[in-house]
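Worksheet for the structure shown next.
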Amino acid sequence: MSITALTRPLVTSLIEDAVTAPSMHNAQPWKFVCRTSTDVIELHGDPLRGMPAEDPDHRALHLGCGAALFGLRIGAAHRGRHAAVRLLPRPEDRWHFADVELHGPDDIDRDLLALHTALPRRHTSRFPFTEERIPSEVIDGLRAAALLEGCQLVVPGDWHTDSVLEIVHDSERFEAADAAVRAEIAAWTRTGAPGEGSETEGIPSYAFGPRQYDVTSPVRDFDSPRRVAERTSARFEKRPQIALLGTVDDNPRHWLMAGQALHRVLLRATLDGLSTSLMSQPLEWSELRSAIRDPASTTAFVHMVLRLGYGPQGRATPRRPVSEVLTFD
Ligand SMILES: Cc1cc2nc3c(=O)[nH]c(=O)nc-3n(C[C@H](O)[C@H](O)[C@H](O)COP(=O)(O)O)c2cc1C
């Protein structure tokens, strides 16, 4: 096994793949440092891109960074290398999340390689899906994808799906009553109004999807104050197909694992022709998060509610340029 010397073009191309990852409100809370003297790429979380009101423990921030780390691993496989990852977060150095070395070219992960074409195609789709049921073998493949990253994907039955929807509605009410949460969402959404933040981050209005006539599906409404005049309304699927991503423990290391698993499941789903959207709203309220868990499963801590189905794929949202998130040292 030989360690690959890190060149600027190689590392830049890996980070281009990494930053396609999903992140809460598209805040892109990651920083990469390439240590050329030791040929290590460091992943750091960026607390300035945190969500104090919605994510005070920074769990979602870790998930986004874990997803970016998974994109980097795929990029390495695509370039004939194996990314050897060491997950690091410790209380005394809590924002240094991981170190990555590139090895190879002998031990490339073919499964990761196959996911590379899905990286630019995966988008969050807040559009209605059809009622077509997902075949069980496709669901099994998604479960396997989560397991490969040390996490569990639980597909709840009808009864628990209904109860998740009720909890989502509760979280919508909590959110509507919380001025700090509403201000945070406004700061990370882009409707074209003057004085909004940078266009390379946040959720643009074209990605909000239509309003739901009667809310049957767990899709977050990023425009509940109705700032976008031309936004249409639509009926969403009556029987949403959801899955709960979880881990056995609830600490920064497991959050980074969950982020990698999340991205792996989403990319696998994209290759299988599925559209996906994410829902963390009920997980942002401690009094609701524990109720989301499927009582019949062994998953102790849920990190994401995924919505899966057949429908529009959604459009790409902007990303900050690599030069803003990668430094060489
Ligand atoms: C931890 C986390 C939480 C998220 N929560 C939600 C959510 O509650 N509702 C939603 O519609 N999208 C959610 N998303 C999706 C992001 O909004 C989306 O990834 C981001 O806007 C970038 O867009 P893209 O996924 O199309 O690349 C979440 C993503 C992550 C990683």
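The values are calculated or read from the model by the stated rules, or taken from the named source; none is laboratory data. A quick note: this is a predicted structure, and the numbers were derived from the prediction, not measured. We place every Cβ from the backbone using ideal geometry, glycine too, and count neighbours over all the protein chains shown. Note: areas computed on protein heavy atoms with side chains; ligands, DNA, RNA excluded. Shrake-Rupley method; radii C 1.70, N 1.55, O 1.52, S 1.80 Å.
Which residues' amide hydrogens lie under 5 Å from the amide hydrogen of ARG211, considering only partners 5 or more residues apart or on another chain, with H built in the peptide plane?
Amide H neighbours of ARG211: THR232, SER233, ALA234.
Over segment 136-309, with the other protein chains present, what is the accessible area per residue in square angstrom, probe 1.4 angstrom?
Dividing the accessible area of segment 136-309 by its residue count gives 42 Å².
Using θ = phi - 60° and the Karplus curve 6.51 cos²θ - 1.76 cosθ + 1.60, what whole-Hz ³J(HN,Hα) does each residue of segment 164-170 get, with Gly and Pro shown as x?
Working through the residues one at a time gives 4, 4, 5, 5, 4, 4, 4 Hz.
Run the numbers for GLU199 and ASN251: contour at 0.36 nm per residue of separation, minus the present Cα-Cα distance, in nm.
Extra length from GLU199 to ASN251 when fully extended: 15.5 nm.
With springs only between Cα atoms under 10 Å, which of VAL168, VAL138, VAL219 fluctuates most in a Gaussian network model of the chain?
Maximum among the listed residues: VAL138.
So if I take the centroid of the Cα atoms in segment 129-194 and the same for segment 24-51, what is the distance between those two points in Å?
25
Along the Cα→Cβ direction, 7 angstrom out, place labels at ASP214 and ARG182. What is the inter-label distance in nm?
Placing both labels 7 Å along Cα→Cβ, they lie 2.6 nm apart.
What spacing in nm lies between the two simple spin-label points modelled at THR117 and LEU147, each 7 Å away from Cα in the Cβ direction?
About 2.6 nm separates the two model spin labels.
Sorting check: for 190-198, 94-102, which peptide has the highest mean count of neighbouring beta carbons within 10 Å, and how do the rest follow?
Going from most to least packed, we get 94-102, 190-198.
Going by amide H atoms built from the backbone, whose H comes under 5 Å of the H on GLU237, apart from near neighbours?
PHE129
Give me the distance in nm between label points sitting 7 Å out from Cα along the Cα-to-Cβ direction at ASP158 and ASP57, one decimal.
3.4
Run the dipole for segment 75-174 about the Cα centre, Lys and Arg Cβ at +1, Asp and Glu Cβ at -1, nothing else charged, and hand back the magnitude in debye, nearest 20.
420
In whole percent, and with a 1.4 Å probe on the protein chains, what portion of the accessible area of segment 136-309 is carbon and sulfur?
That fraction is 54 percent.
Tell me which residues come under 5 Å, amide H to amide H, from VAL19 once H is placed; ignore anything under 5 positions away on its chain.
Counting only residues 5 or more places away or on other chains, the set is empty.
Could you check which residue among LEU148, LEU245, LEU112 shows the biggest mean-square fluctuation in a GNM of the chain with a 10 Å Cα cutoff?
For the chain, modelled as a Gaussian network with Cα springs under 10 Å, the answer is LEU148.
If you filter segment 110-187 for GluC sites (Glu not before Pro), then keep DSSP loop positions with at most 13 other Cβ within 10 Å, what is left?
Passing sites in segment 110-187 are GLU131, GLU132.
Have a look at GLY64, GLY157, GLY80 and tell me which one the Gaussian network model of the chain (Cα, springs below 10 Å) gives the largest fluctuation.
GLY157
Any chance you could look up the accessible area of GLU284 with a 1.4 Å probe, heavy atoms only, rounded to 10 Å²?
Approximately 30 Å² for this residue.
Given ALA183, PHE208, GLY246, which one lies farthest toward the positive end of the charge dipole of segment 136-309, if we put +1 on the Cβ of every Lys and Arg and -1 on the Cβ of every Asp and Glu?
Sorting the options by dipole projection puts first PHE208.
Grab the Cα-Cα distance for ASP272 and ARG320, subtract it from 0.36 nm times how many residues apart they are, and report the gain in nm with one decimal.
Computed gain between ASP272 and ARG320 is 14.4 nm.
From the phi of every residue in segment 315-329, what ³J(HN,Hα) in whole Hz does the Karplus formula 6.51 cos²θ - 1.76 cosθ + 1.60 yield, where θ is phi - 60° and glycine or proline is x?
The phi angles translate into 10, 5, 9, x, 10, 5, x, 4, 4, 7, 10, 10, 10, 10, 10 Hz.
What are the ³J(HN,Hα) values, in whole Hz, obtained from phi via the Karplus relation 6.51 cos²θ - 1.76 cosθ + 1.60 with θ = phi - 60°, for each residue of segment 279-292 in sequence order, with x given for Gly and Pro?
Per-residue couplings from phi come out as 9, 10, 3, x, 7, 8, 10, 4, 6, 9, 4, 5, 6, 6 Hz.
So for ARG253, ARG307, ARG315, what's the accessible-area order with a 1.4 Å probe, most first?
My answer, sorted largest first, is ARG315, ARG253, ARG307.
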